[in-house]
Every structure is written in C-alpha cells, then in structure tokens.
Amino acid sequence: ITKKFTVSAAGRFEQYSDFGNTMNGKLASRYKISDNLSLRGSISSGFRAPSLAQLYSNSTFTDIVAGQAIDKIIAKNNSPITRELGIPALKQEVSTNAGLGFTAKIEAFSLTVDGYYVQIKDRIVLTGAFYSDDDIIAEELTKLNIGAAQFFTNAVNTTSKGMDAILAYSTMFSGKQTLKFSLAANFNNMVIDKIYTNDKLQGKEDTYFGLREQYFLLASAPRSKVNFGID
C-alpha cells in the first residue's frame, strides 16, 4: 500500500472425495513504524479432514481396570457398534485463527512478540470407554467378547489463546565469527467451549467425554515452554 504499510492475502481451495469442498483464506498486514519497530497481524480460516486412522482404526488392546485385565476395542467410525451408540459419521474440523504482534531491534538485540487466538469447531477426540454393562451396546460387546469400546468422534469446540516471544542477541568475534544467543518462550491456554452429545448419550456425558478425557485434551499442549539456544 505504501513503503511502510503492506497487506497480503491468500486463498486455498480443496476438494475432498469424502467431505466435499472447502475454501480457506488468510489476510495479513504489517506496518513499519521505524527501521527498528514494526507491527504485524493476521486472520485466517482452517480445515482438517479426519485422518485415515480416525476413520478406519479398529484395534483391540488389553487394559488393566481396578486390577482386572479387560479387552477394549477402538471401533472404526462406520462399524455397527459405533452406529448403535449413535456416534455420527466423522466430519471435518474447521478453525478460525488470529494473531497480533510486533518486531523490534535495538543494536545487537532483536525481539518478536506475537499473541494468537485459535478456535477449533467439531474437534475430533477419542471418547471414554463404554463397558459391557452399557444398556445400548452390551449385547454387541458380548458378541465380540470385548469388555469395553471407545470411538473417535467430533465431540468438542476449543479455544486456545497464547503468546510467542523470541529474544535474540548476535555478536562478532575474531573479526569474522558470529555468536548468536536466543531465548524463545510460549505461553498457551486452551479451554473447552462446548461438548456435543446426542439423544442416545443423554446421561452418559461422563463416559462419553468425561473429566479424564477432558484433562488429556487440555494437557496435549503445555501451558508454557521455554528454550535457550547458542549457535
């Protein structure tokens, strides 16, 4: 737009045989306040189709529950036991992303700080275990000689907010050698906005996606991470 103000835009179109079409875009901008200070920001949308493993994984494993060995199954998405419980066909995850930050340079030091916001809808997660005493799928589990079943499903909406910061210092020695120090930090917080259920799962929310599964999801990204490097 001007020597100090730039704007960029990008678009992406994809066609999935299983999930239809998706159009995603990104708009970004940068404003140069001075030679040593610039502001930048962006907003974009995202899309992720279910993976092959999430769609077709059908594995049996042995777990220890209260001291007892129990065979469990992660049932594929289109299996009869999955549909019997009312788990719907998997669909794509969609996201909205935004970021705002600045870059600065003071002599041999450089600093970048960026805040971000990521909202994911219809996030795919693994449910808790439905055991052989379940009133809907007990008969199916008995036929399979399985003690419990879990499923992949579009269960939740999440929002993540955080900040990335990188401080770097560069110096020369012996006339031609470069020594660089960097300190990078990330601070992140994820919250679960909504949990989806259906009529067949009424009263089974603690099994479907209870506190245990929620804590696993929230712990998938660390609250803070710091790296120090010398090059």
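The values are calculated or read from the model by the stated rules, or taken from the named source; none is laboratory data. Computed from a predicted model, the values in this text were never measured in an experiment. Positions of Cβ are backbone-derived with ideal geometry, glycine not excepted, and every protein chain shown enters the neighbour counts. Accessible surface areas use protein heavy atoms only, side chains included; no ligands, DNA or RNA. Shrake-Rupley method; radii C 1.70, N 1.55, O 1.52, S 1.80 Å.
Got at least one residue in region 107-116 being among the aliphatic types (A, V, I, L, M), crowded, with 16+ Cβ neighbours inside 10 Å, at pLDDT below 95 and farther than 17 Å from Ser79 by Cβ? The answer is no, given that none of the residues of region 107-116 is among the aliphatic types (A, V, I, L, M), crowded, with 16+ Cβ neighbours inside 10 Å, at pLDDT below 95 and farther than 17 Å from Ser79 by Cβ.
Could you tell me whether Ile81 is of a type outside the set (Lys, Arg), at pLDDT below 90, part of a loop (DSSP other than H, G, I, E, B) and within 30 Å of Thr62 (Cα to Cα)? Here the answer is no, as Ile81 does not meet what is asked.
Does Thr127 meet the test of being of a type in the set (S, T, N, Q), buried (at least 16 other Cβ atoms within 10 Å of the Cβ) and closer than 30 Å to Arg40 by Cβ?
Considered against the rule, which asks whether it is of a type in the set (S, T, N, Q), buried (at least 16 other Cβ atoms within 10 Å of the Cβ) and closer than 30 Å to Arg40 by Cβ, Thr127 comes out as no.
Just one of the listed residues (Ala155, Ala165) is hydrophobic (A, V, I, L, M, F, W, C) and over 30 Å from Ala49 (Cα atoms), namely Ala165.
Each residue in region 171-187 was checked for being modelled with pLDDT of 95 or more and part of a loop (DSSP other than H, G, I, E, B), and 0 pass. The set of residues from region 35-75 being under 30 Å from Gly11 (Cα atoms), in contact (Cβ under 8 Å) with a residue 24 or more places away in the chain, hydrophobic (A, V, I, L, M, F, W, C) and open to solvent by less than 70 Å² (accessible area, probe 1.4 Å) comprises Leu37, Phe47, Ala49, Leu55. In region 93-106, the qualifying residues are those that are in contact with an Asp or Glu (Cβ under 7 Å, 6 or more places away or on another chain) and closer than 23 Å to Gly20 by Cα, and the one that is most open to solvent (accessible area, probe 1.4 Å) is Val94. Looking at Leu167, Leu217 in this structure, which one is assigned to a strand (DSSP E or B) and touching a residue at least 24 places away in the same chain (Cβ under 8 Å)? Criteria check complete, one pass: Leu167. For region 7-25, does any single residue satisfy the condition of being hydroxyl-bearing (Ser, Thr, Tyr), under 26 Å from the mean Cα position of the chain (by Cα), at pLDDT 95 or above and not in a loop (DSSP other than H, G, I, E, B)? Checked against the condition, which is being hydroxyl-bearing (Ser, Thr, Tyr), under 26 Å from the mean Cα position of the chain (by Cα), at pLDDT 95 or above and not in a loop (DSSP other than H, G, I, E, B), region 7-25 yields at least one hit.
Listed conditions (1) open to solvent by 60 Å² or more (accessible area, probe 1.4 Å); (2) at pLDDT below 90; (3) of a type in the set (Asp, Glu) are all met by Asp134, apart from (1).
A Cβ distance below 6 Å, combined with a sequence gap of six or more or placement on separate chains, defines the contacts here; from region 85-113, residues that are within 30 Å of Lys200 (Cβ to Cβ) reach residues that are small (Gly, Ala, Ser) in the pairs Gln92/Ala49; Ser95/Gly46. Quick one: count up the residues across region 175-223 that are open to solvent by less than 50 Å² (accessible area, probe 1.4 Å), small (Gly, Ala, Ser) and out of contact with any Gly (no Cβ under 6 Å at 6 or more places or on another chain). Final tally of qualifying residues: 3. One residue stands out in region 188-201 among those that are among the aliphatic types (A, V, I, L, M) and in a strand (DSSP E or B): the one that is nearest to Phe228 (Cα to Cα), namely Met190.
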